Amino acid sequence: MPMLFSWTQERHPFLKLIFMLTLTAGTFLVSCPLTILLPWMVVSVFLLLIRRYRNALLLALTGGALALLATYLARFDTDSAQTIGMLFEICLQVGFMAAGAGVFYMTTEVTDIIKSLEKIRMPPSVVIPLAVTLRFIPTLRVEFGTIRDAMAVRNIQVGIRGMAHPIQQMEYVLVPLLMRTARIADELTASSLTRGIQSGHKKTSYKELRIRPGDILLLGLGLIIIIGMLLLDTVIAQYL
């Protein structure tokens with residue numbers, strides 16, 4: 001796989017985050033919804049390269065549908081059409097922010113994120129809670145899936161089918177999730193104390209991060225995409 005597109009462990013997390021923020025800023029610099037499709041397609045390509053084919057297809061189709069609807073409604077002079085078109089454009093921008101954050105989380109190890117935060121001199125009072133939170137998210141996802149499986153085995157309606165009784169759904173899901181969360185929090189606390197979290201000594205990481213040529217190329221790609229978006233926005237605005 002080319003050095004530039006190795007989004008698993010090779011890219012520096014901090015520069016990768018800057019790249020995603022650059023693309024996100026680009027969605028707010030242009031005025032044509034069709035132009036916002038460019039960063040959507042870039043992120044879809046990254047998903048393809050990490051073999052998330054279903055996610056890549058869903059992201060591309062969602063971005064294309066939102067962009068086409070926003071562009072179509074913008075051609076009408078009525079206030080209602082303009083308002084709805086603007087809402088679709090906002091969904092396109094906010095949706096890309098969520099998609100970019102998801103891709104960054106999927107392709108970056110928590111250890112690398114924590115190490116990069118230490119490199120930029122973030123205080124331990126910020127790094128440690130963030131590290132615990134990031135490692136907590138996959139655990140909660142597994143626990144939520146276990147609860148849903150337990151409900152399905154007991155013939156309890158889950159998902160959209162169970163929305164007829166929302167209070168009952170909250171009781172069946174939230175109560176065991178809260179109980180399990182408290183148990184996991186105790187286990188994390190005990191694990192942190194065992195590893196000397198209160199020892200007062202400086203904590204180190206076994207993994208060393210450094211900026212590589214591919215990281216610089218990635219930032220250059222982000223700048224090229226921004227320039228391309230601005231030029232494309234100008235061209236499209238002349239024909240719409």
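The values are calculated or read from the model by the stated rules, or taken from the named source; none is laboratory data. Quick caveat, the model's predicted, so the values are computed rather than measured. Glycine gets a Cβ as well: all are built from the backbone with ideal geometry, and neighbour counts include every protein chain shown. Just the protein is used for accessible areas: all its heavy atoms, side chains included, with ligands, DNA and RNA removed. Shrake-Rupley method; radii C 1.70, N 1.55, O 1.52, S 1.80 Å.
Just a few scattered comments:
- The listed residue being modelled with pLDDT of 75 or more and closer than 30 Å to Ser31 by Cβ, out of Ile211, Ile225: Ile225
- Region 168-181 residues that are without any contact (Cβ under 8 Å) to a residue 24 or more places away in the chain and closer than 12 Å to Met151 by Cβ, paired with ones that are aliphatic (A, V, I, L, M) and open to solvent by less than 80 Å² (accessible area, probe 1.4 Å) (beta carbon under 9 Å, 6 or more apart): Gln168/Ile156; Gln169/Met151; Gln169/Ile156; Gln169/Val158
Yes/no per residue for (1) assigned to a loop (DSSP other than H, G, I, E, B); (2) at pLDDT 80 or above:
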{"site": "Thr8", "(1), (2)": "yes, no"}
{"site": "Arg11", "(1), (2)": "yes, no"}
{"site": "Ile18", "(1), (2)": "no, yes"}
{"site": "Thr27", "(1), (2)": "no, yes"}
{"site": "Ser31", "(1), (2)": "yes, yes"}
{"site": "Thr35", "(1), (2)": "no, yes"}
{"site": "Leu38", "(1), (2)": "no, yes"}
{"site": "Met41", "(1), (2)": "no, yes"}
{"site": "Ser44", "(1), (2)": "no, yes"}
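- Out of Leu47, Leu59, one residue alone is buried (at least 17 other Cβ atoms within 10 Å of the Cβ), within 17 Å of the chain's Cα centre (by Cα) and closer than 10 Å to Phe96 by Cβ. It is Leu59.
- Single unsatisfied condition, Pro129 versus (1) assigned to a helix (DSSP H, G or I); (2) open to solvent by less than 30 Å² (accessible area, probe 1.4 Å); (3) not acidic (Asp, Glu): (2)
- Test: residue in region 149-169 that is modelled with pLDDT under 80, more than 28 Å from the chain's Cα centre (by Cα), surrounded by fewer than 13 Cβ atoms within 10 Å (Cβ to Cβ) and among the basic types (Lys, Arg): yes
- Every test in (1) touching a Gly at 6+ places or on another chain (Cβ under 9 Å); (2) open to solvent by 30 Å² or more (accessible area, probe 1.4 Å) is passed by Leu92 save one, and that test is (2).
- Those residues of region 25-64 which are out of contact with any helix residue (DSSP H, G or I) (no Cβ under 9 Å at 6 or more places or on another chain) and among the polar types (S, T, N, Q), in sequence order: none
- Conditions (1) within 21 Å of Leu21 (Cα to Cα); (2) open to solvent by 70 Å² or more (accessible area, probe 1.4 Å); number of the one not met by Ile114: (2)
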